[in-house]
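In what follows, a single structure is set out as structure tokens and then discussed.
The values are calculated or read from the model by the stated rules, or taken from the named source; none is laboratory data. Nothing here was measured: the structure is a model prediction, and the numbers come from that model. Here the Cβ positions follow ideal geometry from the backbone for every residue, glycine too, while neighbour counts run over all protein chains shown. To get the accessible areas, we keep the full protein, side chains included, count just its heavy atoms, and leave off ligands, DNA and RNA. Shrake-Rupley method; radii C 1.70, N 1.55, O 1.52, S 1.80 Å.
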Amino acid sequence: QQPVQSPQAVILREGEDAVINCSSSKALYSVHWYRQKHGEAPVFLMILLKGGEQKGHDKISASFNEKKQQSSLYLTASQLSYSGTYFCGTQNAGNMLTFGGGTRLMVKP
Amino acid sequence: NAGVTQTPKFQVLKTGQSMTLQCAQDMNHNSMYWYRQDPGMGLRLIYYSASEGTTDKGEVPNGYNVSRLNKREFSLRLESAAPSQTSVYFCASRARLAGYNEQFFGPGTRLTVL
């Protein structure tokens, strides 16, 4: 079953912060985060494997609450280059990676 | 390394026509996937291949067939195209099904069925 992402869309000014949430109705083995620019393929951001694990690089980080079956992506001090659609992909005991509907992020000057 | 390559980049079909989308990866990955992405929507898994010689259905397999030709190549066939299959098709590969390894996507094939 597809994970649910929120919000569906967000508009930011450069320098502002944003949080994107991803929830699943099933127990999760791992959570993947990807960013897709318009007309391009999704690009990998990070994977979280263990409950409570936080990963990050530059000003983008993520957390994974295994108990709540949720993950959150944190974008701090946003830059114009952060614009795009963010997808979470969840993997449970099965083999499939199932993606959420996406969160469209627009960063304005 | 080219990563994941897909052909063709664009295709227009008439209802009822058939075609095969080709995908190849040069990263020696075991697992390969086919997704479709409708406008403004997320990625939905059509079929996947955990390893050479195996294929399994994903969320939306109806109307499609796949072949894992060898470790490098994974093709998607539409036997009788329908307008509902108008979409962008992405192929992806991953070193293995689970664990700390990312999934790499190809550039996509934009398919229109009239």
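Points to keep in mind about this one:
- Which listed residue, of B:86, B:7, is away from chain A (no Cβ under 14 Å), within 13 Å of residue B:109 (Cα to Cα) and within 11 Å of the chain's Cα centre (by Cα): B:7
- Scanning segment B:14-32 for residues that are at pLDDT below 95 and in a strand (DSSP E or B) yields B:31, B:32.
- Look at (1) part of a strand (DSSP E or B); (2) within 13 Å of chain A (Cβ to nearest Cβ); (3) farther than 30 Å from residue A:105 by Cα and you find that residue B:66 fails only one, number (2).
- Here residue B:75 does not qualify as farther than 28 Å from residue A:3 by Cβ, in a loop (DSSP other than H, G, I, E, B) and away from chain A (no Cβ under 14 Å).
- Scanning segment B:16-36 for residues that are more than 20 Å from residue B:81 (Cβ to Cβ) and surrounded by 15 or more Cβ atoms within 10 Å (Cβ to Cβ) turns up B:24, B:25, B:29, B:30, B:31, B:32, B:33.
- Members of segment A:60-93 found to be open to solvent by less than 10 Å² (accessible area, probe 1.4 Å), touching a Gly at 6+ places or on another chain (Cβ under 8 Å), of a type outside the set (S, T, N, Q) and in contact (Cβ under 8 Å) with a residue 40 or more places away in the chain, listed by number: A:86, A:87, A:88, A:89
One line per residue, one yes/no per condition, for (1) over 28 Å from residue A:29 (Cα atoms); (2) polar (S, T, N, Q):
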position: B:66; (1), (2): no, no
position: B:71; (1), (2): no, no
position: B:78; (1), (2): yes, no
position: B:82; (1), (2): yes, no
position: B:87; (1), (2): yes, yes
position: B:95; (1), (2): no, no
position: B:98; (1), (2): no, no
position: B:101; (1), (2): no, yes
position: B:109; (1), (2): yes, yes
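- For segment B:94-114, the candidate set comprises residues that are within 12 Å of chain A (Cβ to nearest Cβ) and not in a loop (DSSP other than H, G, I, E, B); within that set, the residue that is surrounded by the fewest Cβ atoms within 10 Å (Cβ to Cβ) is B:110.
- So residue B:53, is it open to solvent by less than 40 Å² (accessible area, probe 1.4 Å) and not basic (Lys, Arg): no
- Only residues that are within 11 Å of the chain's Cα centre (by Cα), surrounded by fewer than 19 Cβ atoms within 10 Å (Cβ to Cβ) and of a type outside the set (D, E, K, R) were counted in segment B:64-83, giving 3.
- Residue ranges of strands (runs of 3 or more DSSP E) in segment A:13-109 with at least 1 members within 13 Å of another protein chain (Cβ to nearest Cβ) and of a type outside the set (S, T, N, Q): A:18-23, A:30-36, A:43-48, A:54-57, A:60-65, A:84-91, A:97-99, A:103-108
- Just one of the listed residues (B:61, B:39) is more than 8 Å from every other protein chain (Cβ to nearest Cβ), open to solvent by 50 Å² or more (accessible area, probe 1.4 Å), without any contact (Cβ under 8 Å) to a residue 40 or more places away in the chain and not in a strand (DSSP E or B), namely B:39.
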